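Undergrad: Got a structure here, written out as structure tokens. Questions coming.
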Amino acid sequence: MENLNPATVVSTIVVLAFAGLVFAAAISDVLRYIVPNRLCLAVCLLYPVHILSATRPVSWQDAVLIAVLALVAGFALFAWGKWGGGDAKLFAAVALWAGPSLFLEMALITSLAGGVMALFIWLQHRLARAPGLMLALAPDPDPDFDIMQAQIPYGAAIAVGALYVAFTLLKVG
């Protein structure tokens with residue numbers, strides 16, 4: 001515990017609060033397919049506290065630019081019908097925290113987590129249609145199911161990317 005000074009403690013609490021807010025957004029998305037605006041806003045409003053409490057310099061101007069670009073990309077996915085509006089806002093809020101140094105890794109991890117979720121949902125529907133196979137987790141079979149049109153709580157995938165950001169921020173101080 002050589003780094004147990006007040007600045008490190010505050011910085012750690014702020015990063016853990018970030019992770020907790022994103023986790024709450026993910027739970028809401030999984031349960032209700034809604035990412036509350038207040039949680040996205042709270043993640044953004046907590047960022048200046050992170051800037052002030054971080055034990056290393058934060059490139060906040062570049063992080064804001066990354067977040068704006070992430071929001072534009074997220075709204076493009078929303079307009080295309082692939083994401084919800086809350087997903088776009090949460091992705092941008094997490095991109096703010098990721099900044100230029102962690103954004104690409106966060107986006108890749110988020111994409112991989114989203115792909116795993118889509119595969120899981122597809123398998124649920126495939127197994128539900130298998131003759132003689134009953135799964136407690138499988139929904140009622142839908143013969144018209146199309147994974148490309150399926151509703152996926154992408155906030156959970158974004159939270160996986162956010163956890164990477166949080167753990168990295170905790171590791172580097």
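Undergrad: With just the Cα atoms defining each centre, how far is the range 9-36 from the range 53-94? Give it in Å.
TA: 15
Undergrad: Moving to a separate point now. Work out which chymotrypsin sites (Phe, Trp or Tyr not before Pro) in the chain are exposed loop sites (DSSP not H, G, I, E or B, at most 16 other Cβ within 10 Å) and give the longest gap free of them.
TA: Numbers: sites that count: Tyr33, Trp80, Phe145.
That would be 81-144.
Undergrad: Then there is this: Show me the helices of the chain, taken as full DSSP H stretches, that run 20 Å or more along their long axis by Cα and average 1.6 or above in Kyte-Doolittle hydropathy.
TA: On the way: long enough: 6-32 (38 Å, 1.81); 37-53 (24 Å, 1.40); 60-79 (28 Å, 2.02); 85-129 (44 Å, 1.02); 154-172 (28 Å, 1.70).
Helices passing the filter in the chain: 6-32, 60-79, 154-172.
Undergrad: Taking 8 Å as the Cα distance limit and 6 or more residues as the minimum spacing, I'd like the relative contact order of the chain as a percentage.
TA: So the answer I get is 29 percent.
Undergrad: For every helix of n ≥ 4 consecutive DSSP H residues, a contribution of -39,500 (n - 2.57) applies; sum these over the chain, divide by its total residues, and give [θ] at 222 nm rounded to the nearest 500 deg cm²/dmol.
TA: -26500 deg cm²/dmol, from helical runs alone.
Quick note: the coordinates plus some simple rules give every number you see, no bench work behind them. Computed from a prediction, not measured in an experiment: that's the story for all the values here. Note: ideal-geometry Cβ built from the backbone for every residue, glycine included; neighbour counts use all protein chains shown.
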